[in-house]
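Before any comments, here is the structure.
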Amino acid sequence: MNLKINNVDLSQFGVMVEHYPTEVHAQRKIDTVSIPGRNGDLIFSQDAFNNVTESIDISLKPCGGRTRDENISKLCDILLSSKEYLRIECDGWAKFNGEDIFRLGHYSGTLDIQNLLGRYGRTTLKFNCKPQRYLKSGETPIELASGVHYLTNPTAYTAYPIVKFYPSYTTVNYASGILRLYADEDTGSARATDLLGAVSGTMQIIKSFNLSNTVFDNTDCVTVDFENLMVTAADGSDYRSKVVSADKFWQPRFEPGVRHYIYTNPFFSKIEIIPRWYTI
């Protein structure tokens, strides 16, 4: 079995997964209150989950014209050099409806990994992972031109997307509600004319996300991460101060089991939605 970290296949450094890793599912965050004189506790479930520890048994050997020590150094650099969560893929992890998944985590195992691998040629890598088991299909950008589109969340969990907005240089007004979401539990087909009519009020608007007129003055793309509430320009500059939205900073999200209708206005050449589907 192979292991990939940040899209680097570690088999090129002689790393192989020795055993199927244990599949760990995250625990929901719960607050409990004990009331004197009453049996049991009151439970208040949060819409959030705890991190999990994933352990992966590996072995390492000379490979690629490098000695084992050289491969160990390469592995340590990959595990320890990043300041962010690592993207982790393991062949032994269970799929979701036949789809490959990946996790985000940071290395939390022993720091004498070089000594252990040098002495025994094998060790256990431990990662402190986010609770989500992300679907690879949720990484594929969905490109939408102006108009009405629909998108259905295939999982049982609410997904917060990344959305990229690209301006149309034939207009200068971007402030009239470029992203509107509607929801309908009916999964049957719907005519686009009916949905366009919804914009004028025949269907209840859930929320609308707006951008200010000047948001594209110095950039060709604005990226909004609706999970981390970050807004960045094409060069990575922080653009949160340029966002105007009802309810301060509304987080568009895709609820499970619901068909979402998305309306984008013609003030933008296109938008790209990275849905980030996940399961637990």
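Tallying residues that are more than 17 Å from Y107 (Cβ to Cβ) and among the small types (G, A, S) within the stretch 40-87 yields 6.
Listed by first and then second residue, the pairs linking a residue in the stretch 4-22 that is in a strand (DSSP E or B) to a residue that is surrounded by 14 or more Cβ atoms within 10 Å (Cβ to Cβ) and small (G, A, S), with Cβ atoms under 9 Å apart and 6 or more places separating them unless they lie on different chains, are K4/S11; I5/S82; V15/S59; M16/S59; V17/S59; V17/G92.
Residue by residue through the stretch 42-61, note down the ones that are polar (S, T, N, Q) and part of a strand (DSSP E or B). Within the stretch 42-61, S45, Q46, T53, S55, S59 meet the criteria.
Looking only at residues in the stretch 74-101 that are surrounded by 14 or more Cβ atoms within 10 Å (Cβ to Cβ) and of a type in the set (S, T, Y), the one that is nearest to V24 (Cα to Cα) is Y85. Quick check: anything in the stretch 166-175 modelled with pLDDT of 90 or more, open to solvent by 50 Å² or more (accessible area, probe 1.4 Å) and assigned to a loop (DSSP other than H, G, I, E, B)? No; the residues of the stretch 166-175 include none that is modelled with pLDDT of 90 or more, open to solvent by 50 Å² or more (accessible area, probe 1.4 Å) and assigned to a loop (DSSP other than H, G, I, E, B). Looking across the stretch 25-41, the residues that are part of a loop (DSSP other than H, G, I, E, B) and either among the basic types (K, R) or closer than 20 Å to R133 by Cα (or both) come down to H25, A26, Q27, R38. The residue pairs whose first member lies in the stretch 214-234 and is in contact (Cβ under 8 Å) with a residue 40 or more places away in the chain, whose second member is assigned to a loop (DSSP other than H, G, I, E, B) and open to solvent by less than 10 Å² (accessible area, probe 1.4 Å), and whose beta carbons are closer than 9 Å, counting only pairs six or more residues apart or on different chains, are V222/V215; V224/P161; V224/P252; D225/P161; F226/P161; F226/P252; E227/P161.
If only residues of the stretch 33-54 that are exposed (fewer than 14 other Cβ atoms within 10 Å of the Cβ) and within 26 Å of A159 (Cα to Cα) are counted, the one that is modelled with the lowest pLDDT is D47.
Checking T155, T110, T124 one by one, the residue that is surrounded by fewer than 18 Cβ atoms within 10 Å (Cβ to Cβ) and modelled with pLDDT of 90 or more is T124 and no other.
In the stretch 11-21, the condition of being under 21 Å from K130 (Cα atoms), modelled with pLDDT under 95 and either small (G, A, S) or loosely packed, with under 12 Cβ neighbours inside 10 Å (or both) is met by no residue.
The values are calculated or read from the model by the stated rules, or taken from the named source; none is laboratory data. From a predicted model like this one, the values you see are computed outputs, not experimental measurements. A quick note on method: Cβ atoms are made from the backbone with ideal geometry, for glycine too, and the neighbour counts reach across all protein chains shown. Accessible surface areas use protein heavy atoms only, side chains included; no ligands, DNA or RNA. Shrake-Rupley method; radii C 1.70, N 1.55, O 1.52, S 1.80 Å.
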